[in-house]
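Bear in mind these aren't lab numbers, they're just calculated from the coordinates by the rules spelled out. Note that the coordinates shown come from a computational prediction; the quantities given were computed from them, not determined experimentally. So basically every Cβ, Gly included, is an ideal-geometry build from the backbone, and we count neighbours across all protein chains shown.
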Amino acid sequence: MITKVVFGALIGGLVGALVGQWAKKKGGSCPISCSPQGGVLFGAMLGIMILMVLPPRTPTQRGGGMGATVDFTPSAHVTHITGSAEFEKALAENEVALVKFYTDTCGFCEMMKPRIHSLADAFAGRVAIMTVNAEESGELARTAGVGPIPDIRIYKGGKQQEKLVGLRPEADLAVILERLLTE
């Protein structure tokens, strides 16, 4: 937002100064548009207003980002967990499991979503991939000791093997899962 305002003011001010200089040479009498100083002020205000009404860039243009939505094809192999009993049962039934704790307002969580769904397809039938909304399932998140998000936990035999916080490359997660499957 601040970048948008500064960029709008700079571009608008530059254009306004040029128009003011040109109008001054033509002999105009308007104090705003016929002087470089007035042109800068008028152009800066106009530039800010124009950029503020433009729609935000798409996630692909900005590489995801905070609050961005990312297009991907959801996997049928991702299980959304909502409670502690369901969580414990899923861990007990699967030898290896990956659990992503997230919130809907977390930009990095949104950026991890396609990676998690891709892993779910790649490891279908071998690794249980689960997601838990830390806001909706607050008690489960507190019990698991979730702090910063995205928080990715990897379990083997019901025991936590890895805790990864933040944005992670899909390949790194795949290496960990492959290692746990072969141990």
Subject >> Dipole-positive endmost among ALA128, GLY157, GLY145 within segment 119-158 (Cβ charges, Cα centre) >> reply: GLY157
Subject >> Stretch gain in nm, segment HIS80-GLU136, where the contour uses 0.36 nm per residue and the Cα spacing is subtracted >> reply: 19.0 nm
Original post:
Using unit Cβ charges (K, R positive; D, E negative) and no other charged atoms, how large, in debye to the nearest 20, is the dipole of segment 81-183 about its Cα centre?
Top reply: 240 debye
Original post:
What order do you get for 137-144, 105-112 when each peptide is scored by the mean count of other beta carbon atoms within 10 Å, highest first?
Top reply: 105-112, 137-144
